[in-house]
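Shown next, in structure tokens, is the structure this report addresses.
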Amino acid sequence: MNDFNEIAMLLLIVVPLAGSLSMMFMPGGQTKETWYFAIFIAAISLCLSLVVFGNYDYNAGGFQYVASYEWLPGPLDISLSLGLDGISAPMVLLNGLVLFGGVLVSQTVHYRAREFFVLLFALAAGVYGVFVAQDLFFLFFFYELAVLPMYLLIGVWGSSTDFGTFLRTKEYGAMKLLIFLVAGSILVWIGILALYAESSDLGAATFSLEGLGQLAESGKIDEDFQKWVFPLFMVGFGALAGLWPFHTWSPDGHVAAPTAVSMLHAGVLMKLGAYGIIRVGIFLLPEGQTHGCRC
């Protein structure tokens, strides 16, 4: 049964990615056929998320369906490690539900519908990847895969709004979103590299969340190090979560985004930021989080 769940969890990422890639080869202009195919892919993703969520044993808790696929062994020790726990399981289901609903209401997308769904499914694959990744390198990779398509989805398929006294264009909303989220991503990447360097100094160089978690539990990660690295994750992930005062991109992004993108934006994407703070900041840097709360 575990092998089945591990395969289902891997397919959560593979199916939307395969759907995104296969849509690139569909003939342009076939809006209805493209939409039907998108519903098919979204339905499979929803079924997979239901299977993974339904089979998770909440009584046992902890990480389940853990699987690792070696990528760059050696000094970097980067693997596509996947796993699901009580925090990520409901988020996987939420992504499946919102994605399916978003595709259903996208029947009215006629302008470059093929490209629209290519980006939408790439975004969905990134979201799934963040929730199941157990390696900081791939967590960041999937994080960027989820964030960057938002710029094009809003900038190309969004809408401008005239508020009477001022005009908010879709280009403005998309660019503002991009600036905030890329700035946040840079901070997150610096924090990840700092964690890797710290683990290397401790003789256990790794991007693995499990390995870093063991270092955190043993108290080996220096407290002063935690105090300056935790804010990097708090601000970096907080920008996507829409935490004050890094939230000003969100209203403009919501107003300009097409319906499906706005659903994913509010329902799932902003949760990625909070998830990142919990999974990386609080779990790996507890003393940094405690110090931040005191401040």
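Couple of notes before you dig in:
- Selection status of F141, crowded, with 18+ Cβ neighbours inside 10 Å and at pLDDT 80 or above: no
- Candidates in segment 216-255 are the residues that are touching a residue at least 60 places away in the same chain (Cβ under 8 Å) and among the aliphatic types (A, V, I, L, M); of these, the one that is nearest to L178 (Cα to Cα) is L240.
- With respect to the conditions (1) surrounded by fewer than 19 Cβ atoms within 10 Å (Cβ to Cβ); (2) within 20 Å of the chain's Cα centre (by Cα), I13 falls short on a single one, namely (1).
- In segment 102-131, of all residues being of a type in the set (F, W, Y) and surrounded by 24 or more Cβ atoms within 10 Å (Cβ to Cβ), the one that is farthest from S22 (Cα to Cα) corresponds to F131.
- Selection from segment 242-288 of residues that are of a type in the set (G, A, S), within 16 Å of the chain's Cα centre (by Cα) and surrounded by 21 or more Cβ atoms within 10 Å (Cβ to Cβ): G242, G273, G276, G281
- Residues that are in contact with a Phe, Trp or Tyr (Cβ under 9 Å, 6 or more places away or on another chain) and touching a residue at least 60 places away in the same chain (Cβ under 8 Å) within segment 193-210 comprise L195, Y196, A205, T206, F207, L209, E210, listed in sequence order.
- Residue in segment 226-236 that is surrounded by 23 or more Cβ atoms within 10 Å (Cβ to Cβ), within 21 Å of the chain's Cα centre (by Cα) and under 30 Å from A42 (Cβ atoms) present: yes
- Test result for F180, modelled with pLDDT of 80 or more, in contact with an Asp or Glu (Cβ under 8 Å, 6 or more places away or on another chain) and surrounded by 17 or more Cβ atoms within 10 Å (Cβ to Cβ): no
- Residue check for Y36: part of a loop (DSSP other than H, G, I, E, B) and either farther than 29 Å from L209 by Cβ or not small (G, A, S) (or both): no
- Single condition A239 does not satisfy, out of (1) surrounded by fewer than 23 Cβ atoms within 10 Å (Cβ to Cβ); (2) more than 25 Å from S106 (Cα to Cα): (1)
- For segment 61-71, the criterion of being more than 22 Å from the chain's Cα centre (by Cα) and surrounded by fewer than 18 Cβ atoms within 10 Å (Cβ to Cβ) is satisfied by at least one residue.
- Output for segment 107-147, where each listed residue is hydroxyl-bearing (S, T, Y) and on the phi > 0 side of the Ramachandran plot: none
- N5 meets all of the listed conditions (1) surrounded by fewer than 17 Cβ atoms within 10 Å (Cβ to Cβ); (2) touching a residue at least 40 places away in the same chain (Cβ under 8 Å); (3) out of contact with any Ser or Thr (no Cβ under 8 Å at 6 or more places or on another chain) but one, namely (1).
- Residue list for segment 86-114, filter: over 24 Å from V132 (Cβ atoms) and part of a helix (DSSP H, G or I): L104, V105, S106, Q107, T108, A113, R114
- Top-ranked residue in segment 183-197 [being in contact with a helix residue (DSSP H, G or I) (Cβ under 9 Å, 6 or more places away or on another chain) and of a type outside the set (G, A, S); ranked as surrounded by the fewest Cβ atoms within 10 Å (Cβ to Cβ)]: I186
The values are calculated or read from the model by the stated rules, or taken from the named source; none is laboratory data. Because the structure is a prediction, the values reported are computed rather than measured. Here the Cβ is made from the backbone with ideal geometry for all residues, glycine too, and neighbour counts use every protein chain on show.
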